[in-house]
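Remarks on the structure that follows.
The values are calculated or read from the model by the stated rules, or taken from the named source; none is laboratory data. It should be emphasised that the depicted structure is a prediction, and the values quoted were computed from it without experimental measurement. Cβ placement follows ideal geometry from the backbone for every residue including glycine, while neighbour counts extend to all protein chains displayed.
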Amino acid sequence: MNTLSIYQEKILKLAAENKKSFAIDHYNCSFNMKNPMCGDEVQVRVDLINKKINNISAIVRGCALCEASAGLVVQLFKNNSVPHNDFMKEFLFWLNNNGQEINSSLPKELEIFLPIKEISNRHTCITMPFEATIKSLKSTNKEN
């Protein structure tokens, strides 16, 4: 089994797991996004308590990459602190630069998307659930 098929298997497993998830009922911030290029849609709901993500859901109507990314969002952020301010900037830098190693401040789990780095037209599928989460958190911070 080659490296690409191992990653593909992990991505499909993560996508299948997230497909079974439900939107949380109790939340205090949310954000919806749609990719106009492919039609993927993501709805992120976050229950934020004292700058800690108590609970989160990321419901997707779209491709397996977006679904897997949403599943990773939930795994990484549930019961965790809010991501650092440069999270998206660093994630995009890694994703858009083929020879670039992942920054030590980013979760190693993002490397599941290593084979997709070369397929730039699918990057939005991967980043959209993370971006929706960050935008959800920022909209809440503006209100406080």
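Yes/no per residue for (1) touching a Leu at 6+ places or on another chain (Cβ under 8 Å); (2) among the charged types (D, E, K, R):
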| residue | (1), (2) |
| --- | --- |
| Glu17 | no, yes |
| Lys34 | no, yes |
| Met37 | no, no |
| Ile56 | no, no |
| Arg61 | no, yes |
| Ala68 | yes, no |
| Asn79 | no, no |
| field | Conditions (1) more than 20 Å from Leu12 (Cα to Cα); (2) without any contact (Cβ under 8 Å) to a residue 60 or more places away in the chain; (3) of a type in the set (Phe, Trp, Tyr); number of the one not met by Phe22 | value | (1)
| query | Looking at the range 87-107, which of its residues are of a type in the set (A, V, I, L, M, F, W, C) and either farther than 22 Å from Leu14 by Cα or part of a helix (DSSP H, G or I) (or both)? | reply | Phe87, Met88, Phe91, Leu92, Phe93, Trp94, Leu95
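Looking at Asn79, Asn103, Asn96, can you tell me which residue is exposed (fewer than 13 other Cβ atoms within 10 Å of the Cβ) and more than 21 Å from Ser21 (Cβ to Cβ)?
Answer to the check: Asn96.
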| Within the range 112-134, which residues are outside any helix (DSSP H, G or I) and among the β-branched types (Val, Ile, Thr)? | Ile119
| Within the range 23-55, restricting attention to residues that are farther than 21 Å from His84 by Cβ and modelled with pLDDT under 95, which residue is surrounded by the most Cβ atoms within 10 Å (Cβ to Cβ)? | Asp40
| field | Residues located in the range 76-96, provided they are touching a residue at least 12 places away in the same chain (Cβ under 8 Å), of a type outside the set (A, V, I, L, M) and at negative phi | value | Phe77, Lys78, Asn80, Ser81, Pro83, His84, Asp86, Phe87, Glu90, Phe91, Trp94, Asn96
